[in-house]
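**Q** First, the structure itself, so that you have it in front of you.
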Amino acid sequence: MKFRAEIDIMPLEALLDPQGKAVSNNMKNIGLEEIDNVRIGKHITLQVEADSQAIAEEKVDEACKKLLCNQIMEYYSFRVSEMQEA
C-alpha cells in the first residue's frame, strides 16, 4: 500500500528564528500590525510503501529523526494517510 506523509518541521520555541523575526518586524510596514510572533519552518511531503499505516508512520518517524529534522534545534509533527489509487 502507498501512503502520503505530510511533515511539518519548526524551530524550537526557545530558539531565535531569524527569518520569522524579520517577517514579524516587517508586518507593520505592509499594514499588518496585528500579526506578530511569526515562526518559519519547513513542510515536507513524501510517499511511503508499507504494509500498514502503523508501519508507514514508523518509517516516517525514523526518517524525521535520522535525516529530516535536527532535533537539537527543531521539532516535527506529521500526518500519514493512505493514497487513493487513480
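Every number in this text was worked out from the coordinates using simple rules, so none of it is lab data. Every value quoted in this text rests on a predicted model; they were computed, and no experiment measured them. Note that each Cβ is placed from the backbone with ideal geometry, even for glycine, and that neighbours are counted across all protein chains shown.
**Q** Any aspartates and glutamates with Cα under 16 Å of the Lys66 Cα? List them, leaving off those in the same chain fewer than 8 positions away.
**A** Excluding near neighbours in sequence, the set is Asp8, Glu57, Glu58, Glu74.
**Q** Here is a further query. So which lysines can Lys21 reach, going by Cα to Cα under 23 Å and dropping same-chain residues fewer than 8 places off?
**A** Here the lysines satisfying the reach criterion relative to Lys21 are Lys42.
**Q** So if I place +1 on the C-beta of Lys and Arg and -1 on the C-beta of Asp and Glu, and nothing else carries charge, what would the dipole magnitude of the chain be about its Cα centre? I want it in debye, nearest 20.
**A** 300 debye
**Q** Next up: Relative to the longest principal axis of the chain, what angle (0 to 90°, nearest 10) does the C-alpha long axis of helix 53-63 take?
**A** 50 degrees
**Q** Further, regarding this structure: Over the Cα atoms of the chain, what is the Rg over Rh ratio if Rh follows Kirkwood?
**A** 1.13
**Q** With point charges of +1 on the Cβ of Lys and Arg and -1 on the Cβ of Asp and Glu, referenced to the Cα centre of region 25-86, which listed residue (Ser81, Gln71, His43) lies farthest in the positive direction of the dipole?
**A** My answer, from the dipole projection, is Gln71.
**Q** Using the beta-carbon distance between Asp61 and Leu15 and R0 = 30 Å, what value does 1/(1 + (r/R0)^6) give for FRET efficiency, to the nearest 0.05?
**A** After rounding to 0.05, the efficiency reads 0.85.
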